[in-house]
Amino acid sequence: MLLLKKHYYRGIRMNTQPNMYKTLLQSLPDIVYEIDHKGNFLYLNDAVERLGYDRGALLGCHFSSIIHPDDLQDIQRATVLPQFVGRETGADGSPGLFDERRNGKRITKNLRLRLKAAPGTNPETWNGEVISLGLYNFHTTSDRDFIGTLGIIRDTTWKKKSEEAFLRTEKYYRVLLQNSSELISIIANDGTILYASDSSEKVLRYNSFELIGENINDYIHSDDAESMKKILEERKTPEEPDAVITIRFCNRNSAWRFFKTEMNKIADDLDETICFVMNSIDVTDRVLAEEAVRENGEKFRAIVEHSSEAIALISRTGEIEYMSHPIERIMGYSPYELAGENASRYLHPDEIQPLMDRCTTRIREGNMFFTEEFRMRHKNGSWHYMEASISCRLNIPPIDGIIVNLKDISEIKSARTALKYSEEKYRMLYDSALVGMASLEADTGTILTVNKMTCGMFGYQLKNELIGETIFSLIANPQILEHIKRQVSSNGLIDNEEMMFTRRDGSTFWGALTARTNLQTGAVNVIINDITRSKNAEDQLYRLTFFDPLTELPNREMFKNRLSVELMRMKRFAIMCIGLDNYKQMNNVFGPVFGDRLLYTVASELDEVYFKNDMVSRLAEDIFIILLSDIGGGDNTTNIENIDTIAQKTRAIFSRPFLVNNQSIDIVTSIGIAIFPHDGSDAEALIKNAESAMFVARDSGHNRFHYFDRELNQKMMTRMKLENEIKTAIKKKDFFSHYQPKFDANGVIIGMESLMRWHHRKTDTLIPPAEFIPIAEKNGMIIDLGMFILEESCIQNQLWHVDNDPPLRVAVNLSPFQFSHPELIPEIIRRLEKTGLPASLLELEITESGIMENEKDSIGKLRKLHEMGIAISIDDFGTGYSSLSKLKDYPIDTLKIDRTFVIDLPGNAMAATLATTIIDLAHNLGFKVVAEGVETAEQFHFLREHGCEYYQGYLLSRPLSSEDFTANLDRFRKGIPPLNFPEGNLNNR
């Protein structure tokens, strides 16, 4: 057909070049024909033989010989779509399919008809679609004669079956239109009427031929002319959609009639708008009727179209015949999208069959009105819950279907689900709450509901066992019942009231009660929180704050609070401070676990001795303090005799051994006493003065008590100040060593003794060892201080050992307190490993009293040290109380003769006897002898004549700093006195 069109547009007749196309046209499956202006066949291709005809026999025959008789009339009256140009020719009458009567090219497209087959051919009819082209002889550019038609008939039999329903409908409507008041016309772009149907005479009283060639605007109301003009101008582009308008036409009687007009644009193959087909229906009666009921109609339409619900009409087969506009707002679909669709397409697949079954069952049961819920797919793909109010109108004209009112209940459904979830969640939370919850009758306190925690809290297994009981019967302290009742009745609430509750088995627990009255129900909602643990924690915190965790006695803070109360009473009282003098030693010997047990035993003993109004407290590690209340006489004077008696009884407690871990322990105590108001007016002053008196008693001897004395207290304060300064000096490493050489009989150095020194930062002076060593030994600081000096001495001797040969042995003093420490040997090993000094170059000097305090343990330690290669020396031999019979068992290397035996040599006969005896004893036992404090040549010669091996003293060298010692070391090895050796006799070690 494209070939034919191109042929036509170029103005070339097909038969001018027959050889070019006949071969091609003969092989086409469609029937290609040419007829003359009378309708006789001039040409047919071979496709016509499919109808059973002989192609040659049909040439010269009229085209009607192969067309079904029933279609001949339709063909002559068929609507065609030409574009007219030029002048009018031909006879009057409506143009037919094959008899072109107007100048211009004529193309007929998509004309469907039935062809009858030759007799005996199956099928007897053949469906075809005609595409035809008018043929002309041109005299001039504007004058021509119609000479025939060239066309194609395409087999559409296969389409017929699929379009049968549509064709029936089309035919039905064609008959309706021919017999109705509808006016069909063709309008050119400028408004010229090109064609008008015969109904124009019925509708407008005009003959159709009267209208052809007229301008449509001449028949249109002036108010509507502009609308028509606008449509014609705006509808010239093919992409514009068709328009439907209502306009007024003037009939032959000059009356205006309202027509509903549909303007359909017609375009050619180049998408150029050719003309408009105008279908017009007389709606005057309807318009007038609508005007009369417009107000009510608008109200009704507003109700339907603006309703929150959509209204649908569903046929008995499930097709949507009608849907109101609210559906677009509800579900996103326009009513036109849904019309004709099956409703099941939009239902959730899981709900289609169950919904149909439910509806069918209800209708069978005679329920004509019912409600259903289901899910419907929104246009955006989401699923919405819909509530449908269904009215069954099956078999009831004119509807014969189901009317459905649709309402989106997604939010309601979500709210219901949320409410249900909330209720379930509340019920779950109520039952699984970690606090007890219950509802009570306001008047009687009867329990109406409880959760599981309440049951468990009160020892019940089942809720029913507790329901019906009264809350008042569960409260342990009846004194609070009236208070609770008043609170609920007056205020309607209770806030976190703490009270004791009774369990089913009679045991009690602490609970915090919170209650609120529900004004709607009148019930009282109660929450009970078990606070037993927090109460116990509070009690524990209180005890940790105000009680000593070890002895369970009141601590210093509690004691001060009690003193504050006593001070407000302005009654005379005394404070007795008890110190365990040998506690630290026992703690070091037996270990801290034993020491803790000892303190607990002492605390228990003291707590049972004194009066009820007195208070026993633990003040410090090994110090107890006791408040002796009401010790005044009748005139509120201090009764010293009563205090003395109490002090004596207290001493008597410690006069007998304490049994600790099956060991009998003797405890040495010192007691200090301060009296109010004589010795202080506030708690801190009284405690401090009683403690000072205790230290004075300790310095005075063992197992004594002492009243506070201001002069002695001043000395004690000085000592305590020095003690604090010692602690600071240890941290700042203000302690260091001086080294005093040891010489043989020839004056050659064989070793040195490390002597501790303290440089006081504030006074810039050296503090004598006699002032700070006793204090350090008493308060235990000697442990850290001694290890520091030991390490420094090992470091220094290692330096001398590397730089000089032969090596020298450094001697370091150990106090009895140090020697009794259980970690002594491990600490010494760590220091040797840390400094790298060989154990053979270390000597430890220990006093006789240090060994005798725990002789068995001491001998064991000495042997371990000796086995390590460390030399052992007995310092100040002869001043202690060692048993000579056991001396032979001591693993020692050297005895040191104390300077008290050397100072009177050689003139004092007794001193000479003692010195020579010690020398002989040592030699007999295999020990070496060192004489210390040798300050004169006479002393040196006497000792050498009696066999003393080594000497130490100011005659040979005073103690030197490490720098001075290093500078003189070569001289010492050669027996030469040190440089700058001072003259005179210095009494400092």
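Note down the relative contact order for segment 312-409 as a percent, whole number, built from C-alpha pairs under 8 angstrom at least six residues apart.
Dividing the mean separation by the residue count of segment 312-409 yields 27 percent.
Per-peptide packing, taken as the mean over residues of other Cβ atoms within 10 Å, places 840-853, 617-630, 389-402 in the sequence 617-630, 840-853, 389-402 from highest down. In a reduced charge model with +1 at each Lys and Arg Cβ and -1 at each Asp and Glu Cβ, segment 547-715 shows a dipole moment near 60 debye about its Cα centre.
Sorted by packing (mean other beta-carbon atoms within 10 Å per residue), highest first, where do 422-429, 902-909, 403-410 land? Don't skip to the end; give the middle numbers.
Numbers: 422-429: 11.0, 902-909: 16.1, 403-410: 18.5.
Packing proxy ranking, top to bottom: 403-410, 902-909, 422-429.
Inverting the pair-averaged 1/r between distinct Cα atoms of segment 349-421 gives 13.7 Å as its Kirkwood hydrodynamic radius.
Surface composition of segment 312-409: carbon plus sulfur atoms hold 53% of the accessible area, using a 1.4 angstrom probe and ignoring ligands, DNA and RNA. Starting from the Cα gyration tensor of segment 440-536, take the square roots of the eigenvalues, sort them a ≥ b ≥ c, and report rounded, prolate or oblate (rounded when a/c is under 1.5, otherwise prolate if a/b is larger than b/c, else oblate). Because a/c hits 1.5 or more and a/b fails to exceed b/c, segment 440-536 counts as oblate.
Shape class of segment 684-802 from the alpha-carbon gyration tensor: prolate, with a/c at 1.5 or above and a/b greater than b/c.
Quick check: from the Cα gyration tensor, does segment 836-984 come out rounded (a/c under 1.5), prolate or oblate?
On the way: a/c = 2.22, a/b = 1.23, b/c = 1.80.
It comes out oblate by the Cα gyration axes.
Rolling a 1.4 angstrom probe over the protein heavy atoms, how many square angstrom per residue are accessible across segment 312-409?
Details: 5340 Å² over 98 residues.
With all protein chains present, segment 312-409 gives 55 Å² per residue.
Sorting Trp126, Trp383 on solvent-accessible area from highest to lowest, probe radius 1.4 Å, gives Trp383, Trp126. Distance between the pseudo-spin-label points of Thr156 and Tyr430 (7 Å out from Cα toward the beta carbon): 7.4 nm.
Summing charges over neighbours of Gly318, with a neighbour being any other residue whose Cβ is under 12 Å away from its Cβ, gives -1 when K and R count +1 and D and E count -1.
Per residue, what accessible area does segment 822-951 have, given a 1.4 Å probe and all protein chains present, in Å²?
Accessible surface, normalised per residue, equals 45 Å².
How large is the accessible surface per residue of segment 650-748, computed with a 1.4 Å probe and reported in Å² as a whole number?
Working: 4840 Å² over 99 residues.
Result: 49 Å² of accessible area for each residue.
Take the solvent-accessible surface of the protein heavy atoms, probe 1.4 Å, and return the percent of it on segment 547-715 that carbon and sulfur atoms account for.
Numbers: 3870 of 7960 Å².
Carbon-and-sulfur percentage of accessible area, whole number: 49.
With the highest mean first, a sort of the peptides 561-574, 490-503 on other beta-carbon atoms found within 10 angstrom per residue produces 561-574, 490-503. Each Cα pair under 8 Å and six or more residues apart adds its separation to the average, and for segment 584-707 the resulting relative contact order is 17 percent.
The values are calculated or read from the model by the stated rules, or taken from the named source; none is laboratory data. Just so it is clear, the structure is predicted and the values come from calculations on it, not from any experiment. Ideal geometry is used to build each Cβ from the backbone, glycine not excepted, and the neighbour counts take in all protein chains shown. For the accessible areas, the whole protein counts, side chains as well, though only heavy atoms, and no ligand, DNA or RNA atoms are used. Shrake-Rupley method; radii C 1.70, N 1.55, O 1.52, S 1.80 Å.
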